[in-house]
Amino acid sequence: MVRRPLLARAGGLAIGLAFALPLAILGVRAFADTWRAPALVPQDWGLRGFEAAFGGGATVEAFGNSIVVALGATALALALGWPAARVLGERRLRRPGVVFVALAMPLLVPPYATGAGLTEWFIRLRIIDSLGGLVLAHLTAVLPYVVLVLLAGFGTKVTELEDMGRTLGLSPARRLAWVTLPSVAPTLAAATVLGFLVSWSQYGSSLAVGGGLPMAPLVLFPFIGPDPQTAAALSLLYVIPPILALLVTARAASSPL
Amino acid sequence: MRARSQLRTTLPALAVLSATLLLAACGGDEDGSAETERPDSFAEIAGAAQGQTVRWWMDGGDDRINAYVDDVVIPAAREAGVRLERVPVGDTADAVQRVIAQRRAGRESGGAVDLIWLNGENFAAGKEAGLWLEGWVRDLPNARFVDFDDPTIVNDFQVPVDGQEAPWSRAAFALAHDSEELAEPPRTYAALLEYLRRNPGRFTYPAPPDFTGSAFVRQVVAAMGEDRAFAYLRELKPLMYRDGETFPESADELNDLFANGQVDFAMSYEANFVAAEVDNGTFPQSTRPFVLGEGALVNVSYVTIPSDAANQAGAQVVANLLMSPELQAQKADPEILGIPTVLDVERVPPDLRGRFDELDESPYVLSDFGQVEQELPASSVEPLEQRWEREILRGD
Amino acid sequence: MTAEGGLLCRSLTVSPGGVGVLRGLSLEVAPGTRTVLVGPSGAGKTTLLRAIAGLEPLEGGEVHLVGRRIDGLAAHRRRIAVVFQEPRLLPHLGVEDNVALTLRAAGVGRGERRARARAGLEEVGLGGFAGRRTQGLSGGEQQRVALARALCAEPDLLMLDEPLAALDPNRREELRRLIARVQAQRGLTTLIITHDRAEAAELGERVALMLDGRIVQHDEPRALFERPVSAAVARFFGVANLLHGTVRDGHLSWAGVALPAPGPDGPATLAIRPDHVELAQEGPLRATVTEAVYTGAHVRLVALRGDHRLEAHVAPALAPPAGAEVTLELPAQRLWRLPGDSDSDGDGDGDGDGDGDGDELSEASGAPSSPADPR
């Protein structure tokens, strides 16, 4: 292999540290049963945080629900965002600005306003208090991010590569697998991770639309502030699925089909 | 007691308030609860509750209270044939929001919120909008152990309860000192001033509108009246930590200062806070609680049932359980929670009272809060905070 | 229509994005030959290429290739390979995999794929490049990889869309020779698009000039330069001197000078390239030089005789300065009378419009039958 230049390695180290340092601090906090302020390290180590984290028994269910909802919302957002981003990215629309603003609207309106109205409509439509309802609720938050990220990947460049594939005798399926997906893979991966993260951390809509269905942020948020140790313990667990999502997609992006 | 969650932020409360005003304006003629046919006796309610799943929306940030609900209340409910689920929320206003959304969507039954732990502004806003089930509290069998003449129980931040919420928990404002450093703390306002003249800089309180700091100011106001209280706080200021130039931003910050030995006193609106902080390793084991002045500022927090709740019978069974001598005694047990009971122990028959009498004396939990001071009306909280900022913080 | 085995486009109508770019265009490329489609940008060249390749839907017309009609086929079934202006290499694949892409699609086994990709690279002069990544390659090398990839497909038709435009001038020459050589060796039916008339002349066995969505002349390169069928063709190929006048008895009177003009009497236009205008010691055509610009290869003179203007390219050593009085000579064998041109306003835009739709090809190809024979 070629020796990686110093800069790349320094960059890798910096990224690694940026990830590891907050995690390390969380890790110490999570196991600190006694930690009075001026001390650099805790006086007592223990598992109180984790015991409290799993105290209710709903924590495992909450993480499971959140993973299902995040995967569902992300998959749906990719399916809907893909054509939208293609049409926008290839500038095939006469008024892309209008579509763009419409898509970004959920990001511009304060979440409180959308949240209350959303709950009301979900109740009327009788899709409230279910995982399916949660997927749709999260979709409204996830979709704009996914489209905005996909937009960066879809452009005339991809169309040009696809045209090349067509003239070289690639069938539509092969074109998708050999040309389109690999050339947008990094963007697709970024959109997937971002979509997953946005869904994963939805507090307001999870509570309002879920009607009490256990979800990961609902378990974690109440502890932030009042109980730093339990919050840290839950946070350690909380970051695992997003990190897994990151690793899986990063791998998928770097070794395409 | 955990009014913190109720008053943690002003914004959601304001949002709830405006939403309820809207409701009151447009939905005045509909009244789902009064028309609902109600079973005659609690036995019928208990029968209807069998197999129901009650979703109890409550602040989820205290692992000890969570554990009490999970380990004590949920099994007791199961025995009564009700499946109880705890829905942890970071802000109680979120639960009220959900009820409002259901109301606005035109649903009068089947609501996802069966039971809410609340008090203060959230209760008042919901009552104003007619969100709560009415007239069920006194019919609960365990209501007979409650003294409904106690003004701290029939008024919630001076809003009449009117049978729309059942008392569950009690908060009292207490201070703490380290008995190894300071054997006898100053127990009156005058003594505290005197103590600080001798030991300047050894006291501070979180700056309102922090919940704890705001409660401290109300405690002083309740004890001596608003104008005298502000004169006192002005006198206190130059003797405080860092000459009163800066204040801690939160109770956590004050706890750290106390734990580091930079000040001699901590404070909280949670009666059992010393037990909790010793338990989680923040305070030294020699820490002891005490009440400043004649009596502590207290408030009661309640459980209420939205009138559109899907499982009203089950919710009433749970509310009744929460008021049972057995569960209240366990909650008062310092080993478990150490939260003062809302029951009038005198009314509990001797055969049921045993548990209260047997309660261990814990050095971390007060059993007597003196001549307790009723909370001020919720509406007076913000003006007081503004006056404090004007006269004490900026020193106009 | 004789292109049995070659490319035959008949009456193509294409309107990408709703704008009618091609209206009834016909074009023929004989099997195994190389045709360059030249024209200014916006003429519709790329639209035609995309229509032939199946990347742009036809509204009307037919495309035949090797005797079969292909306009109903999806692009990937047409057996047409395209080299675009940009190399369009897949960034996630190495050089060899890029070249072998089409073989992989055809189900060719790994070993044979390798061998054929390497042979293809060898053919375009990139023998040692099989194991390289595409990222480090120069523009010229990338374009060669793209060419090797197109060749590997063994297409019935190879199309190249401005393949040299993105390269720096020094590299163009090399690649131009490579394209010509490979095409000749393989006997590939090839259509090349360019906007550069010099490149068209060098690359094309035949050149088709496209103006405003029509093929206005399709002939051997020299014919377009020296025997344009219209003023517009003349102008595109740099025939700056269009002399309008009236022919009587085999001579056209222009600026008071009689120029030999064979053919029937009547209004006519004579064309002559600036590089064919010569300086003479004496003669009737005296003019004043108003401009003398050194361009590297020659000096471009603009000379006026009264209202009449002539442009000449002369060797720098012989060039008179601006303001000089000179005598110019228009060699008779270099003068070309534009066919069918009876109007004398010199605006040739209407040229060819009179031709029947879809028949320009035969009309234009028939240009040599014009009345003047320059040889």
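The values are calculated or read from the model by the stated rules, or taken from the named source; none is laboratory data. Only a predicted model underlies this, so the values are computations on that prediction, with no experimental measurement involved. A quick note on method: Cβ atoms are made from the backbone with ideal geometry, for glycine too, and the neighbour counts reach across all protein chains shown. Accessible surface areas use protein heavy atoms only, side chains included; no ligands, DNA or RNA. Shrake-Rupley method; radii C 1.70, N 1.55, O 1.52, S 1.80 Å.
Before anything else, pin down the relative contact order of region C:7-223: Cα pairs under 8 Å, at least 6 apart, normalised by residue count, whole percent.
Reported relative contact order: 30 percent.
In region B:80-102, the residues that give up 30 Å² or more of accessible area when the other protein chains are added, compared with the chain on its own (1.4 Å probe), are B:Val87, B:Pro88, B:Gly90, B:Asp94, B:Gln97, B:Arg98, B:Ala101. Of all the options A:Gln202, A:Gln229, A:Gln43, the one that moves most in a Gaussian network model of chain A with Cα springs shorter than 10 angstrom is A:Gln43. Along its first, second and third principal axes, ordered by size, region A:50-254 spans 61, 37, 27 Å in Cα coordinates. For region C:80-201, pairs of C-alpha atoms spaced more than 20 angstrom apart make up 38 percent of the total. Association of chains B and A removes close to 2600 square angstrom of accessible area from solvent, both sides included, for a probe radius of 1.4 Å.
Take every Cα-Cα pair in region C:7-223 and report what % of them are more than 30 Å apart. Tail of the P(r) past 30 Å holds 21 percent of the pairs. Note on A:Leu17: accessible area is roughly 100 Å² with a 1.4 Å probe, heavy atoms of protein only.
With all protein chains present and a 1.4 Å probe, how do C:Glu174, B:Glu121 order by accessible area, largest first?
Heavy-atom accessible area, descending, gives C:Glu174, B:Glu121.
Whenever you get a sec, compute what percent of the accessible area on the protein assembly as shown sits on carbon and sulfur atoms (1.4 Å probe). Roughly 53 percent, rounded to a whole number. Between the amide H of B:Val146 and those of B:Asp344, distances stay under 5 Å, these residues lying 5 or more places away or on another chain, with hydrogens modeled in the peptide plane. Taking the Cβ of B:Gly244 as the center, what net charge do the other residues with Cβ under 13 Å away carry, scoring Lys and Arg +1 and Asp and Glu -1? Residues close to B:Gly244 contribute a combined charge of +1. Computed over protein heavy atoms with a 1.4 Å probe, the accessible surface of chain C works out to 43 Å² per residue. Hydrodynamic estimate: the Kirkwood radius of the protein assembly as shown over Cα pairs, inserted into Stokes-Einstein at 4 °C and 1.567 mPa s, corresponds to D of 36 µm²/s.
Counted by Cβ distance under 12 Å from C:Leu48, the other residues give a net charge of +2, where Lys and Arg count +1 and Asp and Glu count -1.
From the C-alpha gyration tensor of chain C, pull out the three semi-axes of the equivalent ellipsoid (sqrt of 5λ each), sorted largest to smallest, in whole Å.
The equivalent ellipsoid of chain C has semi-axes of 44, 25, 15 Å.
If Lys and Arg each add +1 and Asp and Glu each add -1, what is the summed charge of the other residues whose beta carbon sits under 14 Å from the beta carbon of B:Leu182? For residues surrounding B:Leu182, the net value is -2. Among B:Glu134, B:Glu79, B:Glu226, the largest mean-square fluctuation in a Gaussian network model of chain B, built with springs joining Cα atoms closer than 10 Å, belongs to B:Glu79.
Ranked from largest to smallest solvent-accessible area, with a 1.4 Å probe on the protein heavy atoms, C:Val229, C:Val293, B:Val342 come out as C:Val293, C:Val229, B:Val342. With the Kirkwood sum run over all distinct C-alpha pairs, chain B has a hydrodynamic radius of 21.8 Å. Solvent-accessible area of C:Leu328, all protein chains in place: 10 Å² (probe radius 1.4 Å, heavy atoms, ligands and nucleic acids excluded). Of the residues A:Leu188, A:Leu220, ranked by 1.4 Å probe accessible area with the largest first, the sequence reads A:Leu188, A:Leu220. Taking the Kirkwood radius as Rh and the Cα radius of gyration as Rg, region B:282-396 has a ratio of Rg/Rh equal to 1.08.
Annotation: amide H-H contacts under 5 Å for C:Gln85 (H modelled 1.01 Å from N, sequence separation of 5 or more, or interchain): C:Asp161. Semi-axis lengths, largest first, of the ellipsoid equivalent to region B:89-138 are 16, 15, 11 Å, with √(5λ) applied to each eigenvalue of the Cα gyration tensor.
Per-residue SASA remark: B:Ile116, around 0 Å² accessible (1.4 Å probe; ligands, DNA and RNA not included). The GluC sites (Glu not before Pro) of region C:268-306 meeting both criteria, a DSSP state outside H, G, I, E and B (loop) and at most 14 other C-beta atoms within 10 angstrom of the site's C-beta, are C:Glu282.
Largest GNM mean-square fluctuation among C:Gly20, C:Gly61, C:Gly32, using chain C with Cα springs under 10 Å: C:Gly20.
Distances between placed amide hydrogens fall under 5 Å for B:Trp132 paired with B:Ser307, all partners being 5 or more residues away or on another chain.
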